[in-house]
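Every number here is computed from the coordinates shown, using simple stated rules; none is lab data. Bear in mind the structure is a predicted one, so any value in this text is a computation, not a measurement. Here the Cβ is made from the backbone with ideal geometry for all residues, glycine too, and neighbour counts use every protein chain on show.
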Amino acid sequence: MASPRLETFCCPNRDPATELVVSFQPVLFSALSLGSAAVSLLCSVLQMLPKRKGYRRLGQYPLPRPASSARILFIISICDILGCAGIMVRSSLWLGLPNIINQISVANNTDVWPEVFCVGSAMWIQLFFTASFWWTFCYAVDVFLVVKTSAGISTIILYHMITWGLAVLLCVEGVAMLYYPSISDCEQGLQHAVPHYITTYAPMLLVLVANPVFFHRTIAAVTSLLKGRQGIYTENERRLANDIKMRFFKIMLVFFICWGPNIINESLLFYLEMQADINDISLRNVRNAALITWFIMGILNPMQAFLNTLAFHGWTGFSVDLSLQRRRELGWDSMSTSVTNAGGQNAIVGSTLLYQSHIQETKKSLLGNGQPHSDAISVLSEGNFLHISVENQLMSE
């Protein structure tokens, strides 16, 4: 699970609210987190492996080269998998070596390795899940730019600089302020911990607020493109637009399901911290709600890896194919293009929302002979590439 409370737990003089949730049934919590992370990691890897037939995973389509959006989806999955790996390692050691937790709670302990492991594992998990948040935001920006401006694949370099730079900066800055002046003697007080929580939840809130806006504007732009020059909007095109909406909706739904409990839990714990005595009988329901959402977080946070692959690609099946011959065939297929132009007839030019370089080449071909050719858009929906063409009749003299 990715929560700033686990980094606060590394301080021996932790606050009462953090002590409440982290010390409640730690064995059960670690077991649930380990099981959820293991299932999510294995299913995510299975989703991303090449399949024998029927479904082609990302990067194996007959188009010139993958664009930034396709790579972003792959990087998001890698970040989620690495985050799950960190949860598995931490939960396994907490289950196998319970003395580590007890040693962390001892002030002025001469053995620094428990604290080093606690801080290191917490930072690993926070770093990759924070990077996943930033990449999810960049994905929303990228698909919007592709539809509006056909941005080039070179933007992926800028995305790397933004996501990894901000993820590392916020993670290091938050932890440095939290563990000041030292890990064994952290400064107490709610005001001291606030900057750390802001650096953790700021990218999460950015995705929750900004991504729906970008997705909505992308859908509006795609709908406009599907109508074409003649203003025709057929049932097939309407169905494609609905598929795009559903795909973006699934991405946001997964994010809300996996990280919504974190916001609720943190709000409850902050409320408890502002009380004079969190053990007061009047706060019983608040404490119970905080504990329930804490365990929900332990299960749902790691599941983002698997649920994201379902939202990105749909269920790809179990027919894994790792043969060299199959990969050679796929590499040969990738050299082909989907441009067809019969003399005097309607032309169907395949372009894809996630392959900007191909879109740019298509635009050049459309403007080449001065006649209104047909426009085509291919988009990712339900894990497959749905090809839809908006055909316009050639205007003869």
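Across region 243-315, the relative contact order, built from alpha-carbon pairs under 8 Å that are at least six residues apart, equals 50 percent.
Can you check what the net charge comes to around L20, using other residues whose Cβ is under 11 Å from the Cβ of L20 (Lys, Arg +1; Asp, Glu -1)?
Taking every other residue near L20 into account, the sum is 0.
Site pair A210 and I162 shows an inter-label distance of 0.6 nm when each label is modelled 7 Å from Cα along Cα→Cβ. Just to confirm a number: summing +1 for Lys and Arg and -1 for Asp and Glu over residues other than G298 whose beta-carbon lies under 12 angstrom from that of G298, what do you get? Neighbourhood net charge equals +2.
Net length available on complete extension from L169 to L97 is 22.8 nm, with 0.36 nm assigned per residue and the Cα-Cα distance removed. On the basis of the beta-carbon distance and an R0 of 25 Å, F74 and I264 show a calculated FRET efficiency of 0.25.
Each Cα pair of region 223-301 feeds into the Kirkwood radius, which the Stokes-Einstein equation turns, at 4 °C and 1.567 mPa s, into a diffusion coefficient of 81 µm²/s.
What does the charge count near D280 come to, summing +1 for each Lys or Arg and -1 for each Asp or Glu among other residues with Cβ under 15 Å from its Cβ? Around D280, the surrounding residues sum to 0.
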